[in-house]
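Here the structure is laid out as structure tokens; the discussion comes afterwards.
The values are calculated or read from the model by the stated rules, or taken from the named source; none is laboratory data. Worth saying up front: this structure is predicted, and the values here are computed from it rather than measured. Here the Cβ positions follow ideal geometry from the backbone for every residue, glycine too, while neighbour counts run over all protein chains shown. For the accessible areas, the whole protein counts, side chains as well, though only heavy atoms, and no ligand, DNA or RNA atoms are used. Shrake-Rupley method; radii C 1.70, N 1.55, O 1.52, S 1.80 Å.
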Amino acid sequence: MSIRVRYESELKGVFDNLVLMCRHIESAIENCIKALMEQDIELAKEVYESDIIIDRLERDIEHSCLKILMMEHPVAGDFREVSAALKMITDLERIGDQAKDIADFATQLGGGKAVSKLEHIPQMATIVIQMVKDGVQAYINRDLELARSLDTADDKVDELFCIVMADLIALIKKYPEDAERAIMYMMINKYLERIGDHAVNIGEWVEYAITGVHPKKIRKTANGKGKK
Amino acid sequence: MTKYSLSSVNLWYHDFQALTDVNIDIDNNEVTAFIGPSGCGKSTLIKSLNRMNDLIEGCRITGEFLLDGEDIYGNIDVNMLRKRVGMVFQKPNPFPMSIYDNVAFGPRTHGIKNRTELDEIVEKSLRDAAIWDECRDRLRKSALSLSGGQQQRLCIARALSVAPEVLLMDEPTSALDPISTGKIEDLINELKREYTIVIVTHNMQQATRISDKTAFFLLGEIIEVGRTEELFTNPKNEKTENYITGRFG
Ligand SMILES: Nc1ncnc2c1ncn2[C@@H]1O[C@H](COP(=O)(O)OP(=O)(O)OP(=O)(O)O)[C@@H](O)[C@H]1O
Ligand SMILES: [Mg+2]
């Protein structure tokens, strides 16, 4: 029994750090978009700072997981739980990087008039923030349904991505002098879409932790669905 | 290929039922591990694979034990069976004679008298058991002068000397240090190319390291049997999960 008590308490530490990492990522995405929309350079700087914290949390969680693997030799559900955490933090860390990249553009775009039809970008941000939250929540609560729901949310993100892209193409055609700014917005559009994909990856690792089967493996062999 | 095929096996020691409706296939050139809490019948089942239980009074067995399709509890020569199916026990049990004689013992019993032939068998068995280099210069010394880990490998050499097809090992490394354990695990990995190996172990890491298939026992029943990687990452039965993750026992 004492073995499990130690394992559970170490895993609890991983959970706590994951939740913390998730919080920082949520506000990083929120802030980078706000910085972009409101041309707020100070807010963009805050995103850089949270990125440093996110990176540190990734290393801390990674260290805890490796320690659990080495000291506790977890098997079965425990093993999957720890491996899933190890995989998830890579996606979380990448999401943090993408928020930072968006903050970069927010700084570069500073001043000047905003491109029209921008309302879709904050809309995407709202969805991906919820996706990241749901991914981590699904892991902590072992909630299979929530983990699987990320796929549907991602479809919405992809849809918005296409709308924004079409808008930007139309804009470049109409106002060629705005092409440079439009391309930067296109990059932001792409980063948000990638964040959605990373959140989907997280959901898949949660599904693996819970069921023992990684959904991508099945999908690939079954009908070649699944993106990328 | 299937080496052993057991179906509906039941075993009693007097009126105590130690195995209940055991069904399992054991494949050639693979390592099959038996795991489970103390007293669940692992040793009982492994011993029944070469009829070591015959010696125990009050022991009664029913069901089918096919070895290469032939029932080992049917009309067969038990000595022949023991030659085909060797056994290594938890505690090394070398005979109180020289290292050489320990290994030559089996072949001699089976009628090999020719000196050069015996020399060859002794050397090959000791090499296969990864202990040749440590004892080539002291073959005439008493086997009891070897360390515990060396004695265990000597016992493996002794089991190999009669060219068995199957090697049964009941907790072969439980009394050994990590280095000797590592040597024996490497050895098992080597040996499976030629033999069918069944091992009882209480060490979960050992089971995951060396076995291809794992059977989980509980109170005389096989609760789950499957590919080792699958059983340890995604067990189908909750009792298996609870046991291997240390939730009980
Ligand atoms: N010769 C015997 N006579 C009576 N009962 C026996 C005999 N040998 C074993 N048993 C009983 O049969 C059951 C299974 O014993 P067995 O030795 O097969 O367990 P095991 O799984 O190998 O345990 P361990 O991990 O402690 O070695 C136990 O309850 C044991 O007490
Ligand atoms: Mg035993």
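Heavy-atom accessible area for residue B:25, with the other protein chains in place and a 1.4 Å probe, reaches approximately 70 Å². Under 14 Å from the Cβ of residue B:141, count the other residues' Cβ atoms, weight Lys and Arg +1, Asp and Glu -1, and hand me the total. After counting each charged neighbour, the total is 0. Give the average over all directions of the projected area of the C-alpha convex hull of the range B:69-168, one decimal, in nm². Mean projected area for the range B:69-168: 6.8 nm², to one decimal.
Within the range A:38-97, the percentage of alpha carbon pairs spaced more than 13 angstrom apart rounds to 65%. A simple spin-label model places pseudo-atoms 7 Å from Cα toward Cβ; at residue B:227 and residue A:163 they are separated by 4.5 nm.
P(r) for the protein assembly as shown, from all Cα pairs and a bin width of 10 Å, is 4, 16, 20, 17, 13, 11, 9, 6, 3, 1, 0 %, short bins first.
Calculated [222 nm] ellipticity per residue, helices only, for chain A: -31000 deg cm²/dmol; basis is -39500 (n - 2.57) per DSSP H run with n ≥ 4, divided by all residues, nearest 500. Computed on chain B, the Cα convex hull volume stands at 126 Å³ per residue.
Each residue, residue A:5 and residue B:75, gets one label point 7 Å from its Cα in the Cβ direction; the gap between the two is 6.3 nm. In this structure the amide hydrogen of residue A:75, modeled in the peptide plane, comes within under 5 Å of no amide hydrogen from residues 5 or more places off or on another chain.
Bridgeable aspartates and glutamates around residue B:213 (alpha carbons under 12 Å apart, same-chain partners fewer than 8 residues away excluded): B:25, B:27, B:30, B:224, B:229, B:230. Summarising the label geometry, the points placed 7 Å from Cα in the beta-carbon direction at residue A:187 and residue B:57 lie 8.9 nm from one another.
Our helix-only sum for chain B, with -39,500 (n - 2.57) per DSSP H run of n ≥ 4 divided by its residues, gives a mean residue ellipticity at 222 nm of -10000 deg cm²/dmol. Can you pick out the pairs among B:124/B:192; A:133/B:236; A:67/B:192; A:12/A:133 whose Cα atoms lie more than 24 Å from each other? The answer is A:133/B:236; A:67/B:192. Using alpha carbons only, what's the Rg to Rh ratio of the range A:3-222 with Rh from Kirkwood? Across the range A:3-222, the Cα-based Rg/Rh ratio is 1.04.
Across the range B:5-55, the fraction of Cα-Cα pairs farther apart than 12 Å, rounded to a whole number, is 69%. Seen from every direction in turn and averaged, the convex hull around the alpha carbons of the range A:54-155 projects onto 8.1 nm².
Mean separation of Cα pairs under 8 Å and 6 or more residues apart, divided by the residue count, gives the range A:3-222 a relative contact order of 26 percent. Rolling a 1.4 angstrom probe over the protein heavy atoms with all chains in place gives the range B:2-244 an accessible area of 44 Å² per residue. Note on the range B:1-90: along the principal axes its Cα atoms extend 34, 29, 27 Å, ordered by decreasing extent.
Ranking A:212, A:170, A:125 by how far each Cα lies toward the positive end of the dipole of chain A (charges on Cβ) leaves A:212 at the top. Computed on protein heavy atoms with a 1.4 Å probe, the accessible areas place A:174, B:124 in the order A:174, B:124, largest first. Note on A:73-82: average number of Cβ atoms from other chains within 10 Å of each residue's Cβ is 6.
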